[in-house]
Amino acid sequence: MSEKSTRRDVLKWTGAGAAALAAGGLPEPALAKPPHFKLYLMIFNNLQSRMIWTDLIGKQFARLGIDVNASYQPPSVVIARRANDSGKTHVEGGFDMYSERIYYNGLAPSPEALFHSKNVPPNGQNYYRVADQQIDAAIETYSRAITPEDRKTAMAAFVKRWYEIEPLHIVFYPEEVIITNPKLKGMESTTYNPVFYPRPEDWSIEGATGDVTATFASWQPPSQLIPMYGSGYNESNIFGPVYNALMEYDSWANKKLVPALAETVKGSEDGKSWVISLRKGVKWHSGEEFTAEDVKFTWDTIIDKTYASLFQATLSAVMGSRDAYKVTGTHEITVTLPQPNMLFYDFLLPVIAIMPKHAYKDIKPEELRGHVISTWLGTFPVKTSDGKVFAAKGGVGTGPWIPQGFDPSRKAYKYSKNENYWRKTDGNVKTFYVVNIEGADALLSAIKSGAIDAHDPMYDVGGLLSTVDPSWGKVNRFDSFKWMQTCLNLNHPVFGTGVETPLGKKDPSRAAEAAMYVRKAMSHMIPREQIIKNVVAGFGKPGTVPMPFTSEFYDQDLLKPIAYDFNLAKQYMEKAGYTY
């Protein structure tokens, strides 16, 4: 790509060399015939730069003699295919490979939720079927460690093992760029769902008075808006301002957990016994008092497999069963864990939004996703204990913003400020909107016209900064605390189980070893440095393991960049039994 080329130029190009040119003229031809095996690559069609670098990676894999069948798919298709509960490959209705932006749900790394072998769909998030005994053991030790030293040692073992076998390919760690209205004050963080979403209660529009309005752009429309079913940007951006968790992060700068609906959280020395004292005087949007019964109701609902919550497997792993917790006072809940688990404090308390028992308890599991609390269409009568009826126009929470419904014609979700919010807020914004705008060009036009004030990171505007004038757009840069990865189905018979590799067929006891060789070969065909330089305009660092680059657990000495090296890749393929 020349210095004057843009990503939009790349998207206009056609032909076999287009993606290779995007990476700086990397060679294109495949060198093995017939193909060693077929790989179906699904590419999300909603982010330009990811479309480019994922297609590029597929073309580089083809040079190894892999028959890569790439297709651009809407997120709904990819998400449905990866969520199958039996680990099917693409031809069976599942997936072989796709790419994604990923992160731990809390700012404390929690690999158990994403990569432990027991947390597979439909009640877990290990869509990839990572199932390595050493990784499982390191994760379990880390999750149950009580001292910081033991936790650090366990995480080092996890990182080392991942780096050795590369179950998935970590492509790069993105830096996030957000363009905001220059008059917008108080936006101090990127969004990091589901624990850092837009916080417009702290926003002020400089010079504005009266019924001040602010608007936030989110790319992909949500599939539903109930917290226990989603943690992606497209959903958390919208439901996040409505609800609270028991704990929250006070700022992006220090990433420190502070009390939210919990006033105090006291744990025993062995990490198993906890007493949570809840904040008194908190009201649901309906006017009903918030109590410990709401916490118990939330945990009961999520742990019940009938509701198929995204967090069911994690909550069950931590709690064991409903017997682990009980209400011990109007504003107190006591927990006795079967074993210590860091996920209790660092995941369950800040990540899981508390739901209202009085409003949601009579909604059947099969009705939830189509209900007003999920769609924000229409109204839903909520009866309170004092005999009143609250007309809910969306979810009912304790958060700083009250839903006012969804306008399909504008693709806009409307909120009014909760004037009875339990925490003091300094912003002057009274009415808030989240609008769905697809595409970076449309986003920049909306910012320039004054139609929106901020946006989520999914627009990937770093490569378009030369078009932003300071008079209408302020550039904000944030460490993303995320990574971009290629997601492999580790049930695949070649790069997953290895049973269909030449080495695996010859010696079944070495099938897993052969699969690792193939994954290592693929990894060495990913031009990480070129992708960062030419596709994402330098906003990133080369990827190695699923750990934020700036995390205290990232081992800078061990984790050297993975070289783009065709000869080394070919050697790994030959170790798996393939010939050239």
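The values are calculated or read from the model by the stated rules, or taken from the named source; none is laboratory data. Computed from a predicted structure; not experimentally measured. Using ideal geometry, Cβ is built from the backbone for each residue, glycine included, and neighbour counts are taken over all protein chains shown. We work out accessible area using only protein heavy atoms, side chains counted, and drop any ligands, DNA or RNA first. Shrake-Rupley method; radii C 1.70, N 1.55, O 1.52, S 1.80 Å.
Observations on the model:
- Only one of the listed residues (ALA30, ALA83, ALA70) is open to solvent by 10 Å² or more (accessible area, probe 1.4 Å) and modelled with pLDDT of 95 or more. That residue is ALA70.
- When segment 263-276 is filtered for residues that are assigned to a strand (DSSP E or B) and surrounded by fewer than 17 Cβ atoms within 10 Å (Cβ to Cβ), the ones remaining, listed by number, are GLU263, THR264, LYS266, SER273, VAL275.
- Scanning segment 415-429 for residues that are in contact with a Gly (Cβ under 8 Å, 6 or more places away or on another chain) and farther than 22 Å from GLU288 by Cα yields ASP426, GLY427.
- On inspection, GLY504 fails the criterion of being assigned to a loop (DSSP other than H, G, I, E, B), at pLDDT 95 or above and either open to solvent by 10 Å² or more (accessible area, probe 1.4 Å) or closer than 30 Å to GLY65 by Cβ (or both).
- Close pairs from segment 281-297: first open to solvent by 50 Å² or more (accessible area, probe 1.4 Å), partner among the aliphatic types (A, V, I, L, M) and modelled with pLDDT of 95 or more, Cβ under 7 Å, at least 6 apart: GLU293/VAL327; LYS296/VAL327; LYS296/ILE333
- Those residues of segment 332-355 which are part of a loop (DSSP other than H, G, I, E, B) and either touching a helix residue (DSSP H, G or I) at 6+ places or on another chain (Cβ under 6 Å) or surrounded by fewer than 22 Cβ atoms within 10 Å (Cβ to Cβ) (or both), in sequence order: LEU337, PRO338, GLN339, PRO340, ASN341, ALA353, ILE354, MET355
- The selection criterion, being among the small types (Gly, Ala, Ser) and either open to solvent by 60 Å² or more (accessible area, probe 1.4 Å) or out of contact with any strand residue (DSSP E or B) (no Cβ under 7 Å at 6 or more places or on another chain) (or both), holds for SER374.
- Looking across segment 202-244 at every residue that is assigned to a loop (DSSP other than H, G, I, E, B) and open to solvent by less than 10 Å² (accessible area, probe 1.4 Å), the one that is modelled with the lowest pLDDT is identified as GLY230.
- Restricting segment 450-466 to residues that are over 26 Å from the mean Cα position of the chain (by Cα) and modelled with pLDDT of 95 or more leaves a set whose member that is surrounded by the most Cβ atoms within 10 Å (Cβ to Cβ) is ALA451.
- Restricting attention to segment 488-536, the residues that are out of contact with any strand residue (DSSP E or B) (no Cβ under 9 Å at 6 or more places or on another chain) and among the β-branched types (Val, Ile, Thr) add up to 3.
- From the options ILE447, ILE437, residue that is open to solvent by 20 Å² or more (accessible area, probe 1.4 Å), of a type in the set (A, V, I, L, M, F, W, C), within 30 Å of TYR173 (Cβ to Cβ) and touching a residue at least 24 places away in the same chain (Cβ under 8 Å): ILE437
- For segment 467-485, a residue qualifies if it is in contact (Cβ under 8 Å) with a residue 24 or more places away in the chain, open to solvent by 30 Å² or more (accessible area, probe 1.4 Å) and in a loop (DSSP other than H, G, I, E, B), and the qualifying residues are PRO470, SER471, TRP472.
- Qualifying positions in segment 507-517 - out of contact with any Lys or Arg (no Cβ under 9 Å at 6 or more places or on another chain) and surrounded by 22 or more Cβ atoms within 10 Å (Cβ to Cβ): ALA515
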